Structures are given as C-alpha cells and as structure tokens.
Amino acid sequence: MAADERRSAGERVPRWFWAALVILLVFAFPYFEAVRNANELPRLLQGAALVEDGSFAIDGPAARGLRPGPDIARSPVDGRIYPNKPPGASLVCAVAYGLAGVDADIRGAPRTLRSYTLWARLLTGVLPTLLLCVAFARRLAEPLGARPVMAAVALYALATPAWSYGHLVYGHQLAACLLWIGLLTLLRAVDEGGRAASVRALVGGALAGASVVVDYNAVFAGLPIAGWIVWSVACRPPTRAPAIAGALGACLPILGLCAYHDAVFGSPLQTGYHHVINPEFARKHGEGLLGLGRPTLAALHTHITSTASGLTWWAPLWLVGAWGLARGRRIDRAPVRHVFWVSIAVLAVYVLTTASLNFEGGWRVGPRYLVIALPAVIPGVAWSLARPIQPRLAPLALAGIGALAAWSVTINGLAANLWPHIDLTNVHQPVSEVLLPLLRHGRAPYHLAFGVEGGVVWALVAAALALVLWTVGRARAGDRGGWIALIVGAALGLGLVAATPRLFTPHPRAAANLRYIEKVWEPTPGRVAPSRRFTPR
C-alpha cells in the first residue's frame with residue numbers, strides 16, 4: 001500500500017463532513033399540500049390511525065375525510081380500507097405523528113398535515129439516509145481509506161435519487177437503511193465466527209428482514225443473502241452458529257409481517273397488492289407474480305437506460321461502482337471481499353427483477369425499484385477512487401468523473417429540492433421540461449432560512465457539488481493535474497445540464513404540466529400556505 005493510501009486508511013471521516021451532509025439533506029422541504037402524493041398519504045393516514053384509533057385501517061376517524069388515493073386495498077376480512085403496502089413505514093409514521101404533536105405543543109400551534117409530513121419524512125427518509133452513509137463509512141474506511149469512502153458516500157447521498165427519496169415517505173430509504181445496515185452487521189458477525197458473534201448476527205438478520213416489512217421489494221435481496229448463509233454453513237464450520245442466528249433473526253420480522261397479512265387480508269401469503277381497489281393496479285399486479293414476469297428489453301430500457309427514468313441517466317456513476325465491484329471482488333481482506341461479492345449479487349438481482357416488471361413505478365425520480373439496491377455501488381466507487389490510475393490516463397478519467405458528478409448532483413439536487421413528484425405521463429424529459437423551468441422561474445421550497453427565497457436551490461446544488469468535488473479531489477490527491485481535470489469535467493457536466501432543453505423535444509402537454517405544478521406550488525413568496533389541521537378528535 002502506498003504511503004498516501006496508508007495515511008488515508010488511518011484517517012476517519014471528519015465530523016464536519018457529516019454536519020455538511022445533514023445540512024444539505026435537511027435544509028429544504030419541498031411540500032405541496034394540493035398534490036397529496038398517493039405513495040405518501042396512505043402511510044401517513046395509517047400512522048395517524050395507529051396512534052388515534054389503535055387500528056391499521058385508514059378509513060376511520062383519524063382519516064379526517066382525506067381521500068387516500070389509489071394505493072389502497074380493501075380487506076376481505078373486515079371490508080375496511082388499508083394501504084396496499086407493508087406497514088413498516090407506517091409504524092415509523094406513528095412515531096412522527098407523536099413528535100409532530102409535541103412540536104405543535106411547544107410552538108403553541110396546531111399539528112397540521114404539513115408538519116406531520118415533515119416529521120415523517122425526517123424519520124423515514126433523511127435519518128435512514130444518514131445512518132446508512134455512516135454505516136458504510138465505519139465499515140469501509142479502514143480497509144479502503146477514509147477519503148475514497150467519504151467521496152463514495154457523498155456521491156451516493158447527493159448524486160443519486162437517494163437525495164429525492166430522502167425527502168419522501170415512500171419507504172425506499174428506510175428499507176435500504178435496514179437492509180444494508182443489517183447486511184453489513186450480519187456479514188461482519190459471520191466472518192468473525194464463534195458463538196460470541198451470534199447475537200450480532202441475530203440483530204443484523206432481524207434488521208435485514210425488517211426491510212421487507214417496509215418495502216416488499218426488499219424480499220429479492222433475500223436470494224443472495226440466503227445463498228451466502230447457506231455457503232457459510234456448508235463450507236465454513238466456524239461461521240455456522242452466527243450464520244444460523246442471522247437466518248433466524250431475518251425470520252422474526254417476516255413472521256410479524258405474515259401475522260399482519262393474516263389479520264388484515266385473511267392469509268399470511270395475501271398482501272395488499274392482492275386486494276387493490278384500483279382496477280388498473282389490480283390488472284397489472286395480477287400478471288405473473290404480482291406483476292413480475294420475464295425480463296424484457298422495454299423494462300430494461302425504462303429502468304436502466306431511459307433518459308426520463310433510467311438509472312444511467314439519473315446516477316451514471318453507478319457504472320463506475322459496478323466496475324469497481326467487479327475489480328475489487330478479489331481484495332485480499334476476506335471480510336471486505338464478502339461485502340463486495342454480496343453487493344454484486346444484490347445489484348445483479350435487482351437489475352434482473354426490475355427488467356422483469358410490467359409496471360414502471362408511477363410518480364418517481366429515476367428507477368424507484370432500484371433505489372433499495374443503490375447502496376451496493378458505494379464499495380465499488382470507493383475502490384475505484386482508491387486505486388492508482390496510469391498517469392497519462394488520470395486527467396481524462398478524473399475529467400469524466402467530474403462531468404458525471406456535476407451532471408448527477410445537479411439534476412438530483414433540483415429534483416430533491418424542487419419537485420420530487422415527477423409524473424412522466426406528460427413529460428419526455430423531466431430536467432428540461434420541469435426542473436430547469438422551475439429554477440428559472442425562481443421557485444423555492446420551504447426551508448430552514450425562512451427569510452431567503454429564490455436563491456436557496458442554487459445555493460444547495462452549488463454546495464453539494466462543491467462537497468462532492470472536494471471529496472473526490474482529496475481521494476485522488478496524488479494525481480497530477482487532478483483538480484484541474486475535475487473542474488474542467490464539472491464545467492462540461494454543467495454545460496450538458498444547461499443544454500438539455502435543446503437536446504430533447506418536449507412532450508405536447510409539457511407546458512400544461514408545468515402550469516399545473518406552478519399552480520399548486522408552495523410556498524408563495526412571503527407567505528406560508530394554510531395546511532389541514534391534524535389534531536386528535
């Protein structure tokens with residue numbers, strides 16, 4: 001290991017980095033009460049119902065007469081309405097409902113739908129994103145170096161759709177947090193072996209299993225995890241006890257979910273998707289295995305290569321991460337090598353399953369169903385940034401990374417802080433047809449600096465880009481001309497963002513779609529819009 005790599009491996013991610021990440025993720029609050037996002041509202045209603053009615057049903061008094069939207073199911077047991085999603089995020093929303101009430105009492109103001117949504121987003125989106133980043137930094141900083149890991153974490157949090165889903169009560173970031181923290185804990189405990197590690201493995205397995213209680217999509221990660229556990233039990237005798245403990249731990253939350261299904265939908269294997277009310281949703285989920293069929297090129301295009309919703313468009317550095325995973329899988333430290341192998345398997349499984357879906361994901365920023373797998377690229381990006389590059393190729397490689405980073409930080413920052421409710425029905429290209437026009441028109445979200453208006457999004461995106469470029473530059477500090485290459489590349493990336501209106505033909509309804517967004521916009525300059533009261537009945 002070179003001297004600068006040894007020095008980097010001995011460092012720790014500094015506290016100011018975490019403080020900067022907290023500010024960037026928390027500062028803005030894009031909220032539009034008239035929109036009533038159908039992915040968020042059922043979970044919010046169920047959280048309130050749990051506190052006020054002691055019920056999972058969302059058609060009781062706690063609903064306040066709000067229409068929950070299409071993502072609902074009717075129970076064949078009691079005929080009542082429930083979200084068609086698992087209840088894990090709703091349990092966290094119940095905590096947020098209580099915190100919003102405490103906050104309202106302190107401020108001497110009523111609890112509102114807006115304040116409740118804010119607390120729910122903090123607990124199901126922002127906090128899980130931060131905890132996930134901390135977990136990867138703690139696990140990888142010593143073997144790969146603090147600087148490359150810091151850059152990889154910054155790129156994940158600010159240059160992928162994770163930033164947008166950290167601002168929404170979709171459950172994707174909460175599920176990703178549970179899955180990957182549980183997985184990292186489980187891998188380390190099993191690699192250490194012995195009975196003393198079994199308790200940690202039990203906890204890690206339970207956390208990973210709990211991700212399915214938040215997002216059914218997390219169940220696909222169980223395939224590579226189960227394969228790794230079976231291999232550990234069969235081929236590594238010292239690891240058998242913690243591996244079995246991890247498997248048992250994963251079963252505990254799954255059994256709880258089955259009990260919920262049995263009580264609400266009449267069978268442990270019946271989910272809300274089997275009883276959806278919306279006819280179109282019922283038709284889609286009735287095809288194949290809950291909408292999962294054979295892989296198709298159309299689905300692969302939608303989720304991976306599309307310029308409207310594809311992962312390669314919204315987070316192009318995932319390719320660098322995938323390359324790094326493939327090259328770093330033979331790293332000489334076995335515990336870290338297992339992280340690489342399992343990450344490869346999880347990423348491959350999710351690419352395959354999303355290519356097999358017969359639905360696209362509704363309102364979304366990028367490919368919703370790949371969000372839970374996105375942390376898999378963190379080790380690969382860190383490995384790529386930690387490895388030496390041939391001196392003659394380094395400027396070109398760093399310019400490319402700078403361009404992709406600038407592109408993805410900018411478009412994800414605009415989506416996360418301006419309009420994370422992208423409906424592609426009437427949109428060909430969301431950057432040119434939605435995000436840039438909103439920025440040009442001076443639109444701004446609710447935010448912590450209440451006296452500041454139009455410039456807040458510019459400042460957030462600029463600060464995020466500066467943080468990402470600084471961390472990447474520090475990770476590659478030994479490359480000659482590295483900073484110049486990064487800055488030149490970033491300028492090219494920003495130029496590409498600015499050029500998108502000239503590169504894509506807008507949808508015929510794009511102007512009408514933008515008018516609707518601006519019609520429901522909050523806040524209007526200088527005025528906080530009223531919000532529905534959400535006080536106990």
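The values are calculated or read from the model by the stated rules, or taken from the named source; none is laboratory data. Being a predicted model, the structure only gives us computed values, none of them experimental. Counting neighbours? That spans all protein chains shown, and the Cβs are built from the backbone with ideal geometry, glycine included. Just the protein is used for accessible areas: all its heavy atoms, side chains included, with ligands, DNA and RNA removed. Shrake-Rupley method; radii C 1.70, N 1.55, O 1.52, S 1.80 Å.
Take the conditions open to solvent by less than 20 Å² (accessible area, probe 1.4 Å) and not hydroxyl-bearing (S, T, Y) and apply them to A466. Does it pass? For A466, the condition - open to solvent by less than 20 Å² (accessible area, probe 1.4 Å) and not hydroxyl-bearing (S, T, Y) - is not met. No other residue among L514, L486, L460 is over 25 Å from P30 (Cβ atoms) and in a helix (DSSP H, G or I) apart from L486. Please verify whether segment 406-416 includes one or more residues that are assigned to a loop (DSSP other than H, G, I, E, B) and either open to solvent by less than 10 Å² (accessible area, probe 1.4 Å) or not polar (S, T, N, Q) (or both). For segment 406-416, residues assigned to a loop (DSSP other than H, G, I, E, B) and either open to solvent by less than 10 Å² (accessible area, probe 1.4 Å) or not polar (S, T, N, Q) (or both): absent.
Exactly one residue out of A444, A403 is open to solvent by 10 Å² or more (accessible area, probe 1.4 Å), out of contact with any Cys (no Cβ under 6 Å at 6 or more places or on another chain), hydrophobic (A, V, I, L, M, F, W, C) and touching a residue at least 12 places away in the same chain (Cβ under 8 Å), and it is A403.
The residues in segment 14-49 that are in contact with a Cys (Cβ under 9 Å, 6 or more places away or on another chain) and surrounded by fewer than 21 Cβ atoms within 10 Å (Cβ to Cβ) can be counted, and the count is 1.
When we screen P395, P437, P391 for residues that are at negative phi, surrounded by fewer than 24 Cβ atoms within 10 Å (Cβ to Cβ), at pLDDT below 90 and not in a loop (DSSP other than H, G, I, E, B), the only hit is P395. Remark: P110 falls outside the filter, which requires a residue to be open to solvent by less than 10 Å² (accessible area, probe 1.4 Å) and either farther than 23 Å from L257 by Cβ or touching a Phe, Trp or Tyr at 6+ places or on another chain (Cβ under 9 Å) (or both). Scan segment 506-537 residue by residue and report those that are modelled with pLDDT of 90 or more and among the hydroxyl-bearing types (S, T, Y). Y516, S531, listed by residue number. Taking segment 234-253 as the range and being aliphatic (A, V, I, L, M) and buried (at least 17 other Cβ atoms within 10 Å of the Cβ) as the test, the residues that pass are A241, A243, I244, A245, A247, A250. Note on segment 105-146: residues that are at negative phi, of a type outside the set (V, I, T) and free of Cβ contacts under 8 Å to residues at least 60 places away in the same chain total 11.
Of the candidates T505, T471, the single residue that is in a helix (DSSP H, G or I) and either touching a Lys or Arg at 6+ places or on another chain (Cβ under 8 Å) or open to solvent by 70 Å² or more (accessible area, probe 1.4 Å) (or both) is T471.
Here the condition is being over 16 Å from the mean Cα position of the chain (by Cα), part of a helix (DSSP H, G or I), at pLDDT 90 or above and not β-branched (V, I, T); of A308, A326, it holds for A326 alone. The number of residues in segment 52-65 that are under 20 Å from L118 (Cβ atoms) and surrounded by fewer than 17 Cβ atoms within 10 Å (Cβ to Cβ) comes to 1. Among the helices (runs of 4 or more DSSP H) confined to segment 124-205, the ones with at least 2 residues that are more than 11 Å from the chain's Cα centre (by Cα) and buried (at least 24 other Cβ atoms within 10 Å of the Cβ) are located at 127-144, 146-158, 172-192. Taking every residue in segment 506-517 that is among the small types (G, A, S) and pairing it with any residue that is open to solvent by 30 Å² or more (accessible area, probe 1.4 Å), at least 6 positions away or on another chain, the pairs with Cβ-Cβ distances below 8 Å are A510/N426; A510/H428; A512/N426.
When G79 is tested against (1) surrounded by 17 or more Cβ atoms within 10 Å (Cβ to Cβ); (2) modelled with pLDDT under 95, just one condition goes unmet, and that condition is (1).
Contact annotation: residue pairs with Cβ atoms under 9 Å, 6 or more positions apart or on different chains, pairing a residue in segment 147-171 that is farther than 13 Å from L21 by Cβ with a partner that is among the acidic types (D, E) and crowded, with 24+ Cβ neighbours inside 10 Å, are L168/E40; V169/E40; Y170/E40; Y170/D215; G171/D215.
Can we say F359 is farther than 19 Å from L404 by Cβ, hydrophobic (A, V, I, L, M, F, W, C) and crowded, with 18+ Cβ neighbours inside 10 Å? Criteria not met by F359. All of (1) of a type in the set (A, V, I, L, M); (2) touching a residue at least 40 places away in the same chain (Cβ under 8 Å); (3) more than 30 Å from T425 (Cβ to Cβ) hold for V456 with one exception: (3). Restricting attention to segment 316-341 and to residues that are of a type in the set (D, E, K, R) and within 26 Å of G400 (Cβ to Cβ), the residue that is surrounded by the most Cβ atoms within 10 Å (Cβ to Cβ) turns out to be R329. Scanning segment 476-492 for residues that are open to solvent by 20 Å² or more (accessible area, probe 1.4 Å) and either of a type in the set (V, I, T) or within 26 Å of the chain's Cα centre (by Cα) (or both) yields I484, I487, V488.
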